[in-house]
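Undergrad: Here it is, the structure, as structure tokens.
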Amino acid sequence: EGLKTLVNLDKEWVRHGEGLSLYLRPFMIASENGVAAAPSTEYKFMIVMSPAFAYYKGDVRVIIASDYSRAADGGVGYAKAAGNYAASFYPNNLALAEGYQQIIWTDAASHQYLEEAGTMNIFVRIGDTLLTAPNNDRILNGVTRRSVLQLAKDAGVNIEERRISVKELNDAAENGTLKEIFGSGTAAVIVPIKGYKHKEFKYELPNLDDSYAERFKSALKDIQYNRASSARLY
């Protein structure tokens, strides 16, 4: 009820136009007095609201993590917890200093398998097959990720939810079968990745006339803007 009331109060702040929206972030913080390594008995519930523009602007290139980790087994990487963001700031600043906008995180144990791209779920297209990492306790089960998988299924695209190794990605890049990498998220929707670096290996993704990223982004936005029903998308 509080969310609905706030949206009604602040909806006029949103400019009309493609890609413009009202970003909503309900959250809680501990508010009990005291300093102790224990759960609080009191919490404050709040909602951050802000007019939003495109989350990423321009071409996005990424570094694949080989040293730093965003989340570990048995932790809270699957949740929207503030600490998950804090752990990414330092390595992300190192990536920015090299001219890269984001990091594709790998598993903390071996750094051999792709997990997330910054704050987004990750998709890889090898040939005409769409791959994405399976959900686990390190990866957010994003609604945009689930939407992309459903759209791909409806379109008859071959989908594989499984671990994707960095070696498999690099091998596909070298033999020419790597077609696309893109991230999906609530604010970002779908963000094509133009190139990546892993240690000393660099690769630029090809420009495609009919990319999965643009196809699914257009389909999602048609649903969000009430321009089409899912039955008429393809």
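Undergrad: Which of (1) open to solvent by less than 70 Å² (accessible area, probe 1.4 Å); (2) β-branched (V, I, T); (3) over 25 Å from P192 (Cβ atoms) is the odd one out, the single condition V76 does not satisfy?
TA: Unmet condition: (1).
Undergrad: Mind listing whichever residues of the stretch 169-184 are in contact (Cβ under 8 Å) with a residue 12 or more places away in the chain, open to solvent by less than 60 Å² (accessible area, probe 1.4 Å) and not β-branched (V, I, T)?
TA: Across the stretch 169-184, the qualifying residues are L169, N170, A172, A173, L178, E180, F182, G183, S184.
Undergrad: I've got another one for you. For the structure I just gave you, tell me whether R146 is charged (D, E, K, R), open to solvent by less than 60 Å² (accessible area, probe 1.4 Å) and over 24 Å from N207 (Cβ atoms).
TA: No, not satisfied.
Undergrad: Output the residue which, of all residues in the stretch 22-44 that are of a type in the set (V, I, T) and open to solvent by 80 Å² or more (accessible area, probe 1.4 Å), is modelled with the highest pLDDT.
TA: Only one residue tops the list, namely T41.
Undergrad: If you don't mind, there's one more thing I want to ask. Among what's in the stretch 204-222 and is out of contact with any Pro (no Cβ under 6 Å at 6 or more places or on another chain) and crowded, with 18+ Cβ neighbours inside 10 Å, pick the residue that is farthest from D67 (Cα to Cα).
TA: Step by step, filter the stretch 204-222, then rank; the result is A219.
Undergrad: Still on this structure: Residues of the stretch 116-143 being within 19 Å of N84 (Cα to Cα) and open to solvent by less than 20 Å² (accessible area, probe 1.4 Å), which ones?
TA: Across the stretch 116-143, the qualifying residues are E116, A117, G118, M120, N121, I122, A133, I139, G142.
The values are calculated or read from the model by the stated rules, or taken from the named source; none is laboratory data. Because the structure is a prediction, the values reported are computed rather than measured. Cβ coordinates were reconstructed from backbone atoms using ideal geometry, including for glycine residues, and neighbour counts include every protein chain displayed. Ligands, DNA and RNA are stripped out before the accessible areas are found, and what is left, the full protein with its side chains, is counted by its heavy atoms. Shrake-Rupley method; radii C 1.70, N 1.55, O 1.52, S 1.80 Å.
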